[in-house]
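The values are calculated or read from the model by the stated rules, or taken from the named source; none is laboratory data. These figures come from a predicted structure and were not determined experimentally. Note: ideal-geometry Cβ built from the backbone for every residue, glycine included; neighbour counts use all protein chains shown. To get the accessible areas, we keep the full protein, side chains included, count just its heavy atoms, and leave off ligands, DNA and RNA. Shrake-Rupley method; radii C 1.70, N 1.55, O 1.52, S 1.80 Å.
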Amino acid sequence: MKHYLQFQDFTADEYEYLFKRAALIKQKFKGYVTHHTLADRTLAMIFEKASTRTRVSFEAGMYQLGGSVVHLTTGDSQLGRAEPIEDSARVISRMTDLVMIRTFGQEKIERFAAHSRVPVINGLTNEFHPCQILADIFTFIEHRGSIQGKTVAWVGDGNNMANTWLQAANLLGFKVHVSTPSGYEIDEKLAFSGRPYNKDCYKIFGNPMDACKDADLVTTDVWTSMGYEEENEKRMKAFADWCVDQEMMAVAKKDALFMHCLPAHRGEEVQADVIDGPQSVVWDEAENRMHVQKALMEYLLIGKQG
């Protein structure tokens, strides 16, 4: 049994399989071809953080695989009434086949996984967002081919997305150019969770324009993630020069793509003419969460197919 709690939980070979499998599953979906590989299986979705894309992509995806879904929040279950997370894991994993959790601290999901009898997927934590980067890389492959040897510019907060991009670069052989405001840098030790890594997989830039120079992909996220709302006013000032605009896209490669995990705030972390412009692939990126997660759930439950 495997869990998917961080991007580096899988090998490069496993990702090669997942991307190919996701492409096949997406092709079937577009062609209205039934793909019920998880018939009679049940996914439990546990939300301690609000969600649009994570809930819709996992729920719709599981139904499309022939399975069913149980949706839980802290407000309508014992999870919000001080039941030990270890006990919740023991019970939920006896009644379902797979668990997806979207929560705050990574430590919570690791404790749940340690006491679960079924695979656990990280739907987002403060520290990591592996399913989103899985979708982002799949989207890049669809539009530009292999990401190996390419350059990704990360502009903005040194958050869970940035941490996960670093893990992906280290594993799949590309480079991340990181530019964050002072005080919001990436924590290298946290990003790689103490595991060995190649320090050449990323480079830090004080100026976001320098980070974007010759990049194949420019990507960003909101300046204030869930759980940090009290810092919003302070962040608005600190991040003022880290708004992805046409000038940044102009110094990237001519065919550079723009991505954003959404929701987006036009005029803050990205200008409207960028996210709604011809280089943006954010809607493909959003849809692809569903397709890569179908491949992921299938792999975790029944292994490699075909």
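A few comments on the model shown:
- Top-ranked residue in region 71-85 [being surrounded by 13 or more Cβ atoms within 10 Å (Cβ to Cβ) and assigned to a helix (DSSP H, G or I); ranked as modelled with the highest pLDDT]: ILE85
- Summed over region 101-151, residues that are in a helix (DSSP H, G or I), open to solvent by 40 Å² or more (accessible area, probe 1.4 Å) and closer than 29 Å to LEU217 by Cα total 4.
- No other residue among LEU24, LEU43 is modelled with pLDDT of 95 or more and within 23 Å of SER146 (Cα to Cα) apart from LEU24.
- Counting only helices (runs of 4 or more DSSP H) wholly contained in region 218-302, the ones carrying 1 or more residues that are within 19 Å of the chain's Cα centre (by Cα) occupy 272-275, 282-302.
- Of all residues in region 4-46, those being assigned to a helix (DSSP H, G or I), among the aliphatic types (A, V, I, L, M) and open to solvent by less than 20 Å² (accessible area, probe 1.4 Å) number 3.
- Selected residue (criterion: surrounded by the most Cβ atoms within 10 Å (Cβ to Cβ)) from residues of region 191-236 that are of a type in the set (D, E, K, R), closer than 19 Å to VAL155 by Cβ and at pLDDT 95 or above: ASP221
- The set of residues from region 237-267 being surrounded by 19 or more Cβ atoms within 10 Å (Cβ to Cβ) and out of contact with any strand residue (DSSP E or B) (no Cβ under 7 Å at 6 or more places or on another chain) comprises PHE239, CYS261.
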